[in-house]
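Remarks on the structure that follows.
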Amino acid sequence: MSNKKKTSEGFFYRLLAVPELGVVVALVLSAAIFQSFRPVFLSGQVIGSIVQAVTFVSIIGVGQAFLLISGNFDLSVGAVAGLIAIVSGKLMTTAGWPVWLALLAGIFLGGLVGAINGFMVTRAGVPAFIQTLGMLFVSQGMIQVVSQGYPVYPLPKVITTIGDNTSFLNLGWNLPIWIFVCLVGDFVIRKTTIGRNLYIIGGNSEVARIVGINVKKYQLACFILAGSLSALSGELVMASLNAGAPSIGTGWELTVIAGTVVGGVSLFGGVGTIAGGILGVLLIQCVQSGLVTSGLSPNFQLIAVGFILVLAVFLDVYRRKYRNTMRKSNDEELNDPEAVKAKGVI
């Protein structure tokens with residue numbers, strides 16, 4: 001193998017090792033394409049609506065990224081967000097609870113739902129797909145039971161203030177909350193022992209157990225985090241709408257998983273970053289908004305998201321295979337004395 005070929009393969013390998021690179025390129029290309037079709041696409045109003053939608057969904061995406069990196073996932077996040085929005089609204093109105101207590105109770109309930117999912121998966125051995133799909137149906141049913149199919153309103157004036165779009169670049173309080181959640185999540189994943197252990201767990205849970213990592217404890221905590229952040233996102237949407245609408249969170253589970261996977265967070269665990277997950281959610285929202293501004297039927301949004309998800313998983317599988325091949329090739333060269341000597345190592 002020539003040095004030139006080795007150099008090109010090494011460069012390609014390093015590119016594949018950067019999960020955020022592909023989604024950044026896809027995001028730029030998508031924006032350029034939709035802008036060429038409809039010059040209004042990059043207007044301030046459209047960009048503002050995209051960013052606002054991303055803040056809600058990617059807060060949940062942070063929790064989902066933690067779960068995926070640890071080797072699990074949660075299909076109930078959207079339904080939990082909707083349920084907590086309804087429950088918190090009912091506590092403020094029908095039950096007469098103080099706003100701060102109702103909001104905290106909602107986040108606690110979301111964490112409790114996550115704890116139930118985590119316990120059933122890590123302790124009872126129920127597959128994450130079955131458990132979280134079942135919780136999705138339970139939460140959707142509870143939304144209808146609690147709300148009777150009607151929005152919960154009027155909410156206290158302080159909720160209107162929280163959801164006021166005239167503050168923070170016309171995006172409301174959800175913008176600084178979103179920034180805080182994303183920065184903290186990214187720091188924990190990249191810079192702390194917790195993050196390093198999650199990568200080890202997602203990469204090989206048996207190895208993690210051997211080195212003394214409490215795999216079940218970490219995975220349970222990730223489920224609780226995902227449930228709590230889902231609750232927070234549902235409450236922020238409730239504040240933005242000034243009503244606890246039964247439609248809140250509908251279909252978010254697909255967008256969240258698709259976005260995080262598109263952003264380089266592997267469905268197989270052990271790979272990905274919070275920044276990549278956020279970029280992936282942004283790409284999904286960009287495509288959906290682009291299709292709307294292009295005048296296409298909303299049904300094409302689901303087709304596009306499904307296609308992007310399948311393509312992202314395919315690329316993830318290919319990237320893993322290619323990286324494993326390169327590692328194997330490098331290991332074989334290191335074990336070959338002649339190859340090592342030719343490189344000048346000995």
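Odds and ends about this structure:
- Candidates Ile177, Ile189: the one that is in contact (Cβ under 8 Å) with a residue 24 or more places away in the chain, closer than 29 Å to Gly251 by Cβ and surrounded by fewer than 19 Cβ atoms within 10 Å (Cβ to Cβ) is Ile177.
- Within the range 245-296, the set of residues being in a loop (DSSP other than H, G, I, E, B) and under 22 Å from Phe34 (Cβ atoms) comprises Gly251, Gly263, Ser294, Gly295, Leu296.
- Put simply, of Ala245, Ala208 the only residue that is farther than 23 Å from Gly110 by Cβ, of a type in the set (A, V, I, L, M, F, W, C) and surrounded by fewer than 24 Cβ atoms within 10 Å (Cβ to Cβ) is Ala208.
- Failed criterion for Gly141 (all others in (1) in contact (Cβ under 8 Å) with a residue 60 or more places away in the chain; (2) of a type outside the set (Asp, Glu); (3) not in a loop (DSSP other than H, G, I, E, B) hold): (1)
- For the range 109-133, the candidate set comprises residues that are part of a helix (DSSP H, G or I) and free of Cβ contacts under 8 Å to residues at least 24 places away in the same chain; within that set, the residue that is surrounded by the fewest Cβ atoms within 10 Å (Cβ to Cβ) is Ile130.
- Scanning the range 32-76 for residues that are assigned to a helix (DSSP H, G or I) and of a type in the set (Phe, Trp, Tyr) yields Phe34, Phe37, Phe41, Phe56, Phe66.
- Flag for Arg327 being at pLDDT below 75, buried (at least 19 other Cβ atoms within 10 Å of the Cβ), of a type in the set (D, E, K, R) and assigned to a helix (DSSP H, G or I): no
- Gly22 surrounded by fewer than 23 Cβ atoms within 10 Å (Cβ to Cβ), under 28 Å from Leu198 (Cα atoms) and modelled with pLDDT under 85: yes
- Ser88 vs. criteria in a helix (DSSP H, G or I), over 18 Å from the mean Cα position of the chain (by Cα), within 14 Å of Leu232 (Cβ to Cβ) and in contact (Cβ under 8 Å) with a residue 24 or more places away in the chain: yes
Here is a yes/no grid of residues against (1) on the phi < 0 side of the Ramachandran plot; (2) under 9 Å from the mean Cα position of the chain (by Cα):
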position	(1), (2)
Gly249	no, no
Leu254	yes, no
Ala258	yes, yes
Gly264	no, no
Gly272	no, no
Gln285	yes, no
Gln288	yes, no
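- Residue that is farthest from Gly114 (Cα to Cα), among those in the range 78-104 that are surrounded by fewer than 24 Cβ atoms within 10 Å (Cβ to Cβ) and of a type in the set (Gly, Ala, Ser): Gly96
- Output for the range 144-167, where each listed residue is assigned to a loop (DSSP other than H, G, I, E, B) and on the phi < 0 side of the Ramachandran plot: Tyr150, Pro151, Tyr153, Pro154, Leu155, Pro156, Gly163, Asp164, Asn165, Thr166, Ser167
- Which numbered condition Leu183 misses (of (1) farther than 26 Å from Val25 by Cβ; (2) free of Cβ contacts under 8 Å to residues at least 12 places away in the same chain; (3) in a helix (DSSP H, G or I)): (1)
- Within the range 212-237, being among the small types (Gly, Ala, Ser) and not in a helix (DSSP H, G or I) holds for one residue alone: Gly212.
- Candidates Ala226, Ala231, Ala312, filtered to the one that is on the phi < 0 side of the Ramachandran plot, touching a Gly at 6+ places or on another chain (Cβ under 8 Å) and without any contact (Cβ under 8 Å) to a residue 60 or more places away in the chain: Ala312
- Residues of the range 225-256 that turn out to be at pLDDT 90 or above and either under 18 Å from Gly71 (Cα atoms) or basic (Lys, Arg) (or both), as a count: 4
The values are calculated or read from the model by the stated rules, or taken from the named source; none is laboratory data. Just so it is clear, the structure is predicted and the values come from calculations on it, not from any experiment. No Cβ is skipped: glycine too gets one built from the backbone with ideal geometry, and neighbour counts run over all protein chains shown.
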